[in-house]
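In what follows, a structure is listed as structure tokens, so that the remarks can point back to it.
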Amino acid sequence: MATKRITLTLSVQQAGRLRALIRKHRKAETNFVQELVEQRAEALTEPVGSPEWERAVKRLRRQARVEAAEVRPERWPALDVLMGQALEARLQQPDTAGPWAPLSRAEQTRLSLSGRWPACVSGCEHGTDERAFTLDADLVMRLRTAAWRLSEPVLNELEEKGLTGLRSALSEEERAERERLAAKLYPSSRIAREAVENHWPFPLVAQPSS
């Protein structure tokens, strides 16, 4: 399966929840290995603390790690897998499902310049955090196609009004109009934020406050 690396802008709260989930999975896997080793070490016949016992415990730990790796995809799936599932569910919703016309070469070129789009920070009122994911290449293309098709009318209006790109000399009226239109954009990151919020395979626990 071909994959593609994509950087998505999440809200700081969502990014915190994902970091907490990573820590939870790592801790659970560590505990799984430790429990297996402790259980099996009870059956060892070598004197506890002897070199022979130490070597036997190391063998048990290696085997436990192998077993942990075997069950990891089901028990502690990677964030890439979970994000892929969430995006698949989001892209099946009526507003993003299409069918969409495939992106032309010219549109893919314009899409690669999406950094010139006005920022759409819907759901990120308290800040943003970028995170890279390795996803199925077909999923990435469907995500970007849906994002482009949903945003295309707004982008065209922004371009017609000369409100795209980096412009520091906008009047207050132009700035307000740019912000109004930007709120209507549906870039890939906005779809991803909604996928995390509403279509994650299981409830995400909020990051504990420090």
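The values are calculated or read from the model by the stated rules, or taken from the named source; none is laboratory data. Bear in mind the structure is a predicted one, so any value in this text is a computation, not a measurement. Heads up, the Cβs are rebuilt from the backbone with ideal geometry, glycines too, and the neighbour counts pull from every protein chain shown. All accessible areas refer to the heavy atoms of the entire protein, side chains included, with ligands and DNA or RNA removed. Shrake-Rupley method; radii C 1.70, N 1.55, O 1.52, S 1.80 Å.
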Give a residue-ordered list of calculated ³J(HN,Hα) values for the range 174-183 (Karplus: 6.51 cos²θ - 1.76 cosθ + 1.60, θ = phi - 60°; whole Hz; x for Gly, Pro). 5, 5, 5, 5, 4, 5, 4, 6, 4, 5
Note on the range 1-89: alpha-carbon gyration tensor, axes a ≥ b ≥ c; rule is a/c under 1.5 for rounded, else prolate if a/b larger than b/c, else oblate; result prolate
In the range 146-197, which trypsin sites (Lys or Arg not before Pro) are in a loop and have at most 16 other Cβ atoms within 10 Å, using DSSP for the loop call? LYS161, ARG167, LYS184
Projected onto the charge dipole of the range 47-129 (+1 at Lys/Arg Cβ, -1 at Asp/Glu Cβ, origin at the Cα centre), which of PRO99, VAL71, LEU111 gives the Cα projection farthest towards the positive end? VAL71
Heavy atoms only, probe 1.4 Å: what % of the accessible area of the chain goes to carbon and sulfur, would you let me know? 51 percent
Mind listing the phi-derived Karplus ³J(HN,Hα) values for the range 88-95, rounded to whole Hz, using 6.51, -1.76 and 1.60 with θ = phi - 60°, and x for any glycine or proline? 4, 5, 5, 6, 8, 6, x, 6
For the range 14-53, just list the percent of Cα-Cα distances falling in each 10 Å bin from zero outward, please. 26, 29, 22, 15, 8
Can you classify the range 71-179 as rounded, prolate or oblate using the Cα gyration tensor, where a ≥ b ≥ c are the square roots of its eigenvalues, rounded means a/c under 1.5, and otherwise it's prolate if a/b beats b/c and oblate if not? prolate
Work out, in µm²/s and without decimals, the Stokes-Einstein translational diffusion coefficient of the range 83-133 at 10 °C, 1.306 mPa s, Rh from Kirkwood over C-alpha pairs. 115 µm²/s
Which GluC sites (Glu not before Pro) in the range 48-148 pass both tests, a DSSP loop state and at most 13 other beta-carbon atoms within 10 Å? GLU125
Suppose each label sits 7 Å from its Cα in the direction of the beta carbon; what would the GLU35-ALA169 distance come out to in nanometres? 6.7 nm
Which listed residue (THR45, ALA132, HIS199) has the Cα farthest towards the positive end of the charge dipole for the chain, taking +1 on Lys and Arg C-beta and -1 on Asp and Glu C-beta about the Cα centre? THR45
So what's the angle, to the nearest 10 degrees on a 0 to 90 scale, between helix 137-160 and the longest Cα principal axis of the chain? 30 degrees
Skip the ligands, DNA and RNA, and give the accessible area per residue of the chain with a 1.4 Å probe, whole Å². 61 Å²
